[in-house]
(Lines give C-alpha, C1' and ligand atoms only; values in the text may rest on other atoms or scores of the structure.)
Protein backbone atom coordinates (compact mmCIF):
# COMPACT_ATOMS: atom_id res chain seq x y z
CA UNK A 1 0.00 0.00 0.00
CA UNK A 2 1.39 3.33 -0.98
CA UNK A 3 2.19 5.88 1.65
CA UNK A 4 -0.43 8.57 2.15
CA UNK A 5 0.36 11.80 0.46
CA UNK A 6 1.47 14.64 2.68
CA UNK A 7 -0.55 17.77 2.10
CA UNK A 8 1.48 20.89 1.77
CA UNK A 9 0.60 23.87 3.93
CA UNK A 10 -2.23 25.95 2.56
CA UNK A 11 -0.99 28.28 -0.19
CA UNK A 12 2.69 27.38 0.19
CA UNK A 13 3.03 25.74 -3.22
CA UNK A 14 1.02 28.38 -5.04
CA UNK A 15 2.31 31.36 -3.14
CA UNK A 16 3.17 34.15 -5.61
CA UNK A 17 6.79 35.17 -5.85
CA UNK A 18 5.91 38.78 -4.98
CA UNK A 19 4.57 37.58 -1.60
CA UNK A 20 7.59 35.43 -0.73
CA UNK A 21 10.08 36.64 1.82
CA UNK A 22 10.04 39.76 3.93
CA UNK A 23 9.21 43.32 2.91
CA UNK A 24 12.76 44.02 1.71
CA UNK A 25 12.81 40.89 -0.46
CA UNK A 26 9.42 41.81 -1.91
CA UNK A 27 10.66 45.32 -2.64
CA UNK A 28 13.82 44.07 -4.39
CA UNK A 29 11.99 41.39 -6.39
CA UNK A 30 9.29 43.83 -7.46
CA UNK A 31 11.82 46.49 -8.41
CA UNK A 32 13.81 43.98 -10.46
CA UNK A 33 10.68 42.72 -12.25
CA UNK A 34 9.58 46.26 -13.17
CA UNK A 35 13.09 47.27 -14.26
CA UNK A 36 13.36 44.13 -16.42
CA UNK A 37 10.06 45.04 -18.09
CA UNK A 38 11.36 48.50 -18.95
CA UNK A 39 14.62 47.02 -20.29
CA UNK A 40 12.67 44.74 -22.62
CA UNK A 41 10.72 47.73 -23.90
CA UNK A 42 14.00 49.50 -24.61
CA UNK A 43 15.37 46.53 -26.55
CA UNK A 44 12.37 46.71 -28.91
CA UNK A 45 12.58 50.48 -29.39
CA UNK A 46 16.27 51.20 -30.01
CA UNK A 47 15.64 53.92 -32.57
CA UNK A 48 14.28 56.10 -29.75
CA UNK A 49 17.75 56.27 -28.20
CA UNK A 50 19.30 57.54 -31.43
CA UNK A 51 16.65 60.22 -31.95
CA UNK A 52 16.97 61.41 -28.35
CA UNK A 53 20.74 61.68 -28.75
CA UNK A 54 20.51 64.29 -31.50
CA UNK A 55 19.54 67.20 -29.24
CA UNK A 56 22.36 66.80 -26.67
CA UNK A 57 24.89 66.42 -29.49
CA UNK A 58 23.64 69.67 -31.03
CA UNK A 59 24.04 71.40 -27.66
CA UNK A 60 27.55 70.04 -27.33
CA UNK A 61 28.95 70.56 -30.81
CA UNK A 62 26.99 73.62 -32.01
CA UNK A 63 26.35 75.65 -28.87
CA UNK A 64 29.51 74.41 -27.17
CA UNK A 65 31.76 75.21 -30.13
CA UNK A 66 30.27 78.69 -30.54
CA UNK A 67 30.63 79.57 -26.85
CA UNK A 68 34.17 78.18 -26.68
CA UNK A 69 35.20 80.68 -29.38
CA UNK A 70 33.71 83.58 -27.44
CA UNK A 71 35.68 82.66 -24.30
CA UNK A 72 33.17 84.64 -22.24
CA UNK A 73 32.38 81.99 -19.62
CA UNK A 74 35.02 81.37 -16.92
CA UNK A 75 35.65 77.64 -16.74
CA UNK A 76 38.91 77.57 -14.81
CA UNK A 77 41.06 76.90 -17.84
CA UNK A 78 38.94 73.96 -19.04
CA UNK A 79 37.94 73.90 -22.70
CA UNK A 80 34.24 74.86 -22.80
CA UNK A 81 33.04 71.76 -24.61
CA UNK A 82 34.66 69.60 -21.92
CA UNK A 83 33.09 71.82 -19.26
CA UNK A 84 29.70 71.54 -20.99
CA UNK A 85 29.74 67.76 -21.57
CA UNK A 86 28.70 66.72 -18.00
CA UNK A 87 25.84 69.23 -18.08
CA UNK A 88 24.64 67.89 -21.42
CA UNK A 89 24.76 64.31 -20.10
CA UNK A 90 22.60 65.37 -17.15
CA UNK A 91 20.23 67.34 -19.36
CA UNK A 92 19.73 64.43 -21.76
CA UNK A 93 19.03 62.05 -18.89
CA UNK A 94 16.61 64.51 -17.29
CA UNK A 95 14.74 64.79 -20.59
CA UNK A 96 14.20 61.01 -20.55
CA UNK A 97 13.13 61.05 -16.89
CA UNK A 98 10.77 64.03 -16.94
CA UNK A 99 8.68 62.60 -19.76
CA UNK A 100 8.74 59.08 -18.32
CA UNK A 101 5.46 59.87 -16.56
CA UNK A 102 3.70 59.69 -19.93
CA UNK A 103 3.83 55.91 -19.50
CA UNK A 104 1.68 56.25 -16.36
CA UNK A 105 -1.01 58.12 -18.30
CA UNK A 106 -0.84 55.61 -21.16
CA UNK A 107 -1.07 52.65 -18.77
CA UNK A 108 -4.13 54.20 -17.14
CA UNK A 109 -5.82 54.80 -20.50
CA UNK A 110 -5.40 51.18 -21.62
CA UNK A 111 -6.29 49.69 -18.22
CA UNK A 112 -2.82 48.32 -17.48
CA UNK A 113 -2.30 50.59 -14.48
CA UNK A 114 -5.38 49.26 -12.71
CA UNK A 115 -4.17 45.68 -13.15
CA UNK A 116 -0.70 46.65 -11.96
CA UNK A 117 -1.99 48.26 -8.79
CA UNK A 118 -4.11 45.17 -8.10
CA UNK A 119 -1.00 42.98 -7.86
CA UNK A 120 0.67 42.25 -4.49
CA UNK A 121 3.72 44.27 -5.53
CA UNK A 122 4.56 47.07 -3.08
CA UNK A 123 3.80 50.48 -4.55
CA UNK A 124 7.38 51.48 -3.81
CA UNK A 125 8.61 48.56 -5.94
CA UNK A 126 6.51 49.74 -8.88
CA UNK A 127 7.87 53.28 -8.55
CA UNK A 128 11.50 52.20 -8.06
CA UNK A 129 11.22 49.67 -10.88
CA UNK A 130 10.00 52.31 -13.31
CA UNK A 131 12.68 54.73 -12.06
CA UNK A 132 15.25 51.98 -12.71
CA UNK A 133 13.88 51.63 -16.23
CA UNK A 134 14.38 55.35 -16.84
CA UNK A 135 17.90 55.10 -15.41
CA UNK A 136 18.65 52.19 -17.76
CA UNK A 137 17.62 54.27 -20.75
CA UNK A 138 19.74 57.18 -19.51
CA UNK A 139 22.81 54.97 -19.00
CA UNK A 140 22.60 53.48 -22.48
CA UNK A 141 22.26 56.96 -23.97
CA UNK A 142 25.13 58.26 -21.80
CA UNK A 143 27.37 55.46 -23.06
CA UNK A 144 26.60 56.49 -26.63
CA UNK A 145 27.27 60.18 -25.90
CA UNK A 146 30.53 59.45 -24.07
CA UNK A 147 31.68 57.37 -27.03
CA UNK A 148 31.05 60.31 -29.37
CA UNK A 149 32.84 62.66 -26.94
CA UNK A 150 35.86 60.34 -26.83
CA UNK A 151 35.98 60.05 -30.63
CA UNK A 152 35.78 63.86 -30.92
CA UNK A 153 38.79 64.19 -28.63
CA UNK A 154 37.06 66.34 -26.02
CA UNK A 155 39.32 66.42 -22.98
CA UNK A 156 37.52 64.57 -20.22
CA UNK A 157 39.40 62.63 -17.54
CA UNK A 158 39.01 59.07 -18.78
CA UNK A 159 39.53 57.02 -15.62
CA UNK A 160 37.62 53.90 -14.65
CA UNK A 161 36.62 55.35 -11.27
CA UNK A 162 35.56 58.65 -12.82
CA UNK A 163 33.44 57.13 -15.59
CA UNK A 164 31.81 54.53 -13.33
CA UNK A 165 31.15 57.12 -10.62
CA UNK A 166 29.58 59.42 -13.21
CA UNK A 167 27.31 56.64 -14.46
CA UNK A 168 26.22 55.77 -10.91
CA UNK A 169 25.41 59.40 -10.18
CA UNK A 170 23.59 59.75 -13.50
CA UNK A 171 21.43 56.71 -12.68
CA UNK A 172 20.55 58.11 -9.24
CA UNK A 173 19.69 61.55 -10.64
CA UNK A 174 17.62 60.08 -13.46
CA UNK A 175 15.71 57.89 -11.02
CA UNK A 176 14.93 60.94 -8.86
CA UNK A 177 13.58 62.94 -11.80
CA UNK A 178 11.59 59.91 -13.01
CA UNK A 179 9.93 59.74 -9.57
CA UNK A 180 9.10 63.45 -9.86
CA UNK A 181 7.60 62.79 -13.29
CA UNK A 182 5.48 59.91 -11.99
CA UNK A 183 4.21 62.05 -9.12
CA UNK A 184 3.15 64.75 -11.59
CA UNK A 185 1.56 62.22 -13.95
CA UNK A 186 -0.48 60.79 -11.06
CA UNK A 187 -2.36 64.08 -10.81
CA UNK A 188 -2.65 64.88 -14.54
CA UNK A 189 -5.20 63.12 -16.74
CA UNK A 190 -4.37 64.38 -20.25
CA UNK A 191 -1.12 63.71 -22.11
CA UNK A 192 -1.10 67.19 -23.68
CA UNK A 193 -1.32 68.86 -20.26
CA UNK A 194 1.45 66.63 -18.94
CA UNK A 195 3.70 67.59 -21.88
CA UNK A 196 3.17 71.25 -21.07
CA UNK A 197 3.91 70.73 -17.38
CA UNK A 198 6.97 68.65 -18.27
CA UNK A 199 8.40 71.49 -20.35
CA UNK A 200 7.55 73.97 -17.59
CA UNK A 201 9.47 71.87 -15.06
CA UNK A 202 12.41 70.82 -17.23
CA UNK A 203 13.54 74.13 -18.71
CA UNK A 204 13.79 76.09 -15.42
CA UNK A 205 15.62 73.16 -13.82
CA UNK A 206 18.10 73.14 -16.69
CA UNK A 207 18.79 76.87 -16.91
CA UNK A 208 18.75 77.37 -13.12
CA UNK A 209 21.62 74.93 -12.69
CA UNK A 210 25.33 74.91 -13.41
CA UNK A 211 24.91 72.88 -16.61
CA UNK A 212 25.82 75.78 -18.93
CA UNK A 213 27.75 78.16 -16.68
CA UNK A 214 29.38 78.12 -13.24
CA UNK A 215 27.52 79.12 -10.11
CA UNK A 216 29.97 81.96 -9.48
CA UNK A 217 28.70 84.14 -12.33
CA UNK A 218 25.00 83.79 -11.46
CA UNK A 219 23.10 86.72 -9.93
CA UNK A 220 22.20 86.27 -6.28
CA UNK A 221 18.59 85.19 -6.76
CA UNK A 222 19.51 82.63 -9.44
CA UNK A 223 22.38 81.33 -7.31
CA UNK A 224 19.91 80.73 -4.45
CA UNK A 225 17.58 78.83 -6.78
CA UNK A 226 20.47 76.74 -8.12
CA UNK A 227 21.45 75.68 -4.61
CA UNK A 228 18.07 73.95 -4.10
CA UNK A 229 18.00 72.52 -7.62
CA UNK A 230 18.84 68.78 -7.64
CA UNK A 231 20.19 69.06 -11.19
CA UNK A 232 22.93 71.38 -9.92
CA UNK A 233 24.32 68.68 -7.63
CA UNK A 234 24.06 66.05 -10.36
CA UNK A 235 25.97 68.28 -12.81
CA UNK A 236 28.60 69.27 -10.24
CA UNK A 237 29.14 65.63 -9.33
CA UNK A 238 29.44 64.57 -12.98
CA UNK A 239 31.89 67.40 -13.59
CA UNK A 240 33.97 66.34 -10.59
CA UNK A 241 34.05 62.70 -11.72
CA UNK A 242 34.86 63.50 -15.37
CA UNK A 243 37.07 66.58 -14.97
CA UNK A 244 38.46 66.30 -11.45
CA UNK A 245 38.15 68.46 -8.33
CA UNK A 246 35.07 69.03 -6.24
CA UNK A 247 33.42 66.57 -3.85
CA UNK A 248 31.65 64.07 -6.11
CA UNK A 249 30.63 61.60 -3.42
CA UNK A 250 28.94 64.38 -1.45
CA UNK A 251 26.93 65.16 -4.60
CA UNK A 252 26.07 61.45 -4.87
CA UNK A 253 24.79 61.54 -1.28
CA UNK A 254 22.68 64.64 -1.91
CA UNK A 255 21.18 63.18 -5.10
CA UNK A 256 20.42 59.96 -3.23
CA UNK A 257 18.52 62.04 -0.67
CA UNK A 258 16.51 63.60 -3.50
CA UNK A 259 15.80 60.13 -4.88
CA UNK A 260 14.47 58.93 -1.52
CA UNK A 261 12.31 62.03 -1.02
CA UNK A 262 10.85 62.03 -4.54
CA UNK A 263 10.46 58.24 -4.48
CA UNK A 264 8.35 58.49 -1.33
CA UNK A 265 6.29 61.27 -2.91
CA UNK A 266 5.66 59.22 -6.05
CA UNK A 267 4.78 56.13 -3.99
CA UNK A 268 2.09 58.07 -2.13
CA UNK A 269 0.76 59.74 -5.28
CA UNK A 270 0.89 56.73 -7.63
CA UNK A 271 -2.44 55.05 -6.68
CA UNK A 272 -4.22 58.37 -7.31
CA UNK A 273 -3.44 57.98 -11.01
CA UNK A 274 -6.44 55.66 -11.48
CA UNK A 275 -8.92 58.07 -9.87
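Odds and ends about this structure:
- Filter pass, residue 181 being modelled with pLDDT of 90 or more and not in a helix (DSSP H, G or I): no
- Flag if residue 72 is modelled with pLDDT of 70 or more, crowded, with 17+ Cβ neighbours inside 10 Å and more than 21 Å from residue 174 (Cα to Cα): no
- Flag for residue 92 being buried (at least 20 other Cβ atoms within 10 Å of the Cβ), in contact with a helix residue (DSSP H, G or I) (Cβ under 6 Å, 6 or more places away or on another chain) and modelled with pLDDT of 90 or more: yes
- Qualifying residue in the stretch 94-114 (condition: within 18 Å of residue 212 (Cα to Cα) and either touching a residue at least 60 places away in the same chain (Cβ under 8 Å) or part of a helix (DSSP H, G or I) (or both)): yes
- Test result for residue 174, more than 17 Å from residue 37 (Cα to Cα), surrounded by 22 or more Cβ atoms within 10 Å (Cβ to Cβ) and modelled with pLDDT of 90 or more: yes
- Candidates 148, 140, 168, 160: the one that is modelled with pLDDT of 90 or more, farther than 22 Å from residue 261 by Cβ and touching a helix residue (DSSP H, G or I) at 6+ places or on another chain (Cβ under 8 Å) is 148.
- Subset tally (residues that are touching a helix residue (DSSP H, G or I) at 6+ places or on another chain (Cβ under 8 Å) and buried (at least 16 other Cβ atoms within 10 Å of the Cβ)) for the stretch 203-224: 8
- Residue in the stretch 66-82 that is touching a residue at least 60 places away in the same chain (Cβ under 8 Å) and part of a helix (DSSP H, G or I) present: yes
- If you filter the stretch 184-195 down to residues that are assigned to a helix (DSSP H, G or I) and in contact with a helix residue (DSSP H, G or I) (Cβ under 7 Å, 6 or more places away or on another chain), you find that the one that is surrounded by the most Cβ atoms within 10 Å (Cβ to Cβ) is 185.
- Residue 245, sole failed condition from (1) in a helix (DSSP H, G or I); (2) surrounded by fewer than 20 Cβ atoms within 10 Å (Cβ to Cβ): (1)
- Whenever a residue of the stretch 233-244 is at positive phi and touching a residue at least 12 places away in the same chain (Cβ under 8 Å), it has no partner that is in a helix (DSSP H, G or I) and surrounded by fewer than 24 Cβ atoms within 10 Å (Cβ to Cβ) lying with C-beta atoms less than 7 angstrom away and at least six residues away or across chains.
- With respect to the conditions (1) more than 29 Å from residue 30 (Cα to Cα); (2) buried (at least 17 other Cβ atoms within 10 Å of the Cβ), residue 151 lacks only one, and its number is (2).
- Unique match (being part of a helix (DSSP H, G or I) and exposed (fewer than 15 other Cβ atoms within 10 Å of the Cβ)) among 200, 262: 200
The values are calculated or read from the model by the stated rules, or taken from the named source; none is laboratory data. Just so it is clear, the model here is predicted, and its values are computed rather than measured. Note that each Cβ is placed from the backbone with ideal geometry, even for glycine, and that neighbours are counted across all protein chains shown.
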